[in-house]
Every structure is written in structure tokens, then in C-alpha cells.
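Colleague: I have a structure here, written as C-alpha cells, and I will follow up with some questions on it.
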Amino acid sequence: MTLDSIRSFCTSLPHVTEKVQWGDDLVFKVGGKMFCVAYLGVPIHISFRPSDEHRIELLEIEGVIPAPYMARAGWVSVREMNAVSAAEVKKGIRASYDYYFAKLPKRTQAALTGKAKQPKSRRRSTWFTNH
């Protein structure tokens with residue numbers, strides 16, 4: 001995958017923002033939570049948090065390592081982009097997006113999706129008015 005195809009895929013997901021951070025990293029976030037990082041230097045590599053099962057599979061591929069600084073959180077770093085298929089990368093990025101979206105507070109999720117909770121109607125007790 002190229003940087004353009006990674007960027008295109010990440011920004012196609014709902015409510016995603018992107019920002020260059022730490023000098024030369026393109027960071028993709030949902031609700032302020034980072035879910036994918038693409039190194040802008042040469043050679044390009046990306047990091048994300050795949051599902052637990054997918055992480056085990058990815059780490060068996062030469063060119064995929066536990067992500068520096070983020071391995072404890074379950075992240076992997078694809079250092080050789082041609083070692084992993086585009087479909088596998090997209091699967092991992094999508095799992096990372098879903099994981100961090102689910103971790104957002106319910107209020108934030110509702111605000112992002114436009115499904116804000118309707119306030120509960122307060123039903124007045126008639127006991128006080130009738131007695």
C-alpha cells in the first residue's frame with residue numbers, strides 16, 4: 001500500500017481526523033483517540049492495533065514487528081509494506097478504528113454519530129397534586 005491509499009482508506013472511515021505529529025508522523029484519530037500512525041519518511045511504515053488474533057498472525061510475518069512505544073497496547077508496526085497485503089492492512093486498521101471508537105465515552109459516540117440521547121421525560125407524581 002502507498003501512503004495515499006492508506007490515507008484514503010483511513011479518511012473514508014466515519015468521523016476521522018488526521019494531523020501531522022511528532023515531526024514526521026501522520027496520525028489518524030477518531031474522537032481524539034489515535035488508531036493509526038503512518039510514518040511519512042522513507043521507507044513508509046504504519047502502526048495500528050489489530051484484533052488479538054490478527055496481531056498474532058501479523059507478527060509471524062517478516063517485516064511486521066511490535067510497534068515501538070505502543071506494543072504494550074497491542075499495536076503492530078508494518079515495516080515492509082510489500083510483506084502484507086492491502087486487504088490485511090485494511091483489516092487491521094479497521095479493527096483498530098472499531099476498537100478505539102468503542103472505547104470512546106457513550107456521549108462522544110452519540111455526538112459523532114448524531115444519535116444524541118433524548119432526555120428522559122420526567123413524569124410528575126400525581127400523589128402530591130391529588131392529596
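Colleague: Check PRO14 against each of (1) surrounded by 11 or more Cβ atoms within 10 Å (Cβ to Cβ); (2) outside any strand (DSSP E or B) and name the one condition it does not meet.
Modeller: (1)
Colleague: Those residues that are of a type outside the set (A, V, I, L, M, F, W, C) and under 23 Å from THR2 (Cβ atoms), I need them from region 58-80; list them, please.
Modeller: Across region 58-80, the qualifying residues are GLU62, GLY63, PRO68, SER77, ARG79, GLU80.
Colleague: List the pairs whose first member sits in region 29-50 and is farther than 19 Å from SER12 by Cβ, whose second member is among the basic types (Lys, Arg) and part of a loop (DSSP other than H, G, I, E, B), and whose Cβ atoms are under 9 Å apart, counting only residues at least 6 apart or on separate chains?
Modeller: PRO43/ARG79; HIS45/ARG79
Residues checked against (1) in a helix (DSSP H, G or I); (2) surrounded by 13 or more Cβ atoms within 10 Å (Cβ to Cβ); (3) out of contact with any Cys (no Cβ under 6 Å at 6 or more places or on another chain); (4) of a type in the set (Asp, Glu):
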position: PHE9; (1), (2), (3), (4): yes, yes, yes, no
position: MET34; (1), (2), (3), (4): no, yes, yes, no
position: ILE46; (1), (2), (3), (4): no, yes, yes, no
position: PRO68; (1), (2), (3), (4): no, no, yes, no
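Colleague: Restricting the search to region 4-28, which residues are of a type in the set (Lys, Arg) and either within 15 Å of ALA86 (Cα to Cα) or in contact (Cβ under 8 Å) with a residue 24 or more places away in the chain (or both)?
Modeller: ARG7, the sole residue that qualifies.
Colleague: OK, next. Which of the residues belonging to region 20-32 are under 16 Å from ARG79 (Cβ atoms) and either exposed (fewer than 12 other Cβ atoms within 10 Å of the Cβ) or among the basic types (Lys, Arg) (or both)?
Modeller: Result: ASP24, single match.
Colleague: While we're looking at this one, here's another question. What pairs come out if I take residues in region 92-110 that are of a type in the set (Lys, Arg) and pair them with residues that are surrounded by 13 or more Cβ atoms within 10 Å (Cβ to Cβ) whose C-beta lies under 8 Å away, six or more apart or interchain?
Modeller: As it stands, the answer is ARG94/LEU13; LYS103/LYS33, since those pairs meet every condition given.
Colleague: Taking region 51-66 as the region of interest, how many residues are under 24 Å from PRO14 (Cα atoms) and in a helix (DSSP H, G or I)?
Modeller: 3
Colleague: Restricting to region 56-98, give me the number of residues that are polar (S, T, N, Q) and within 20 Å of GLY41 (Cα to Cα).
Modeller: Total satisfying the criteria: 2.
FYI, it's all coordinate maths here, none of it is from the lab. As the structure is a computational prediction, the values presented were derived from the model and not from experiment. FYI the Cβ positions are ideal-geometry reconstructions off the backbone, even for glycines, and counts take in every protein chain you see.
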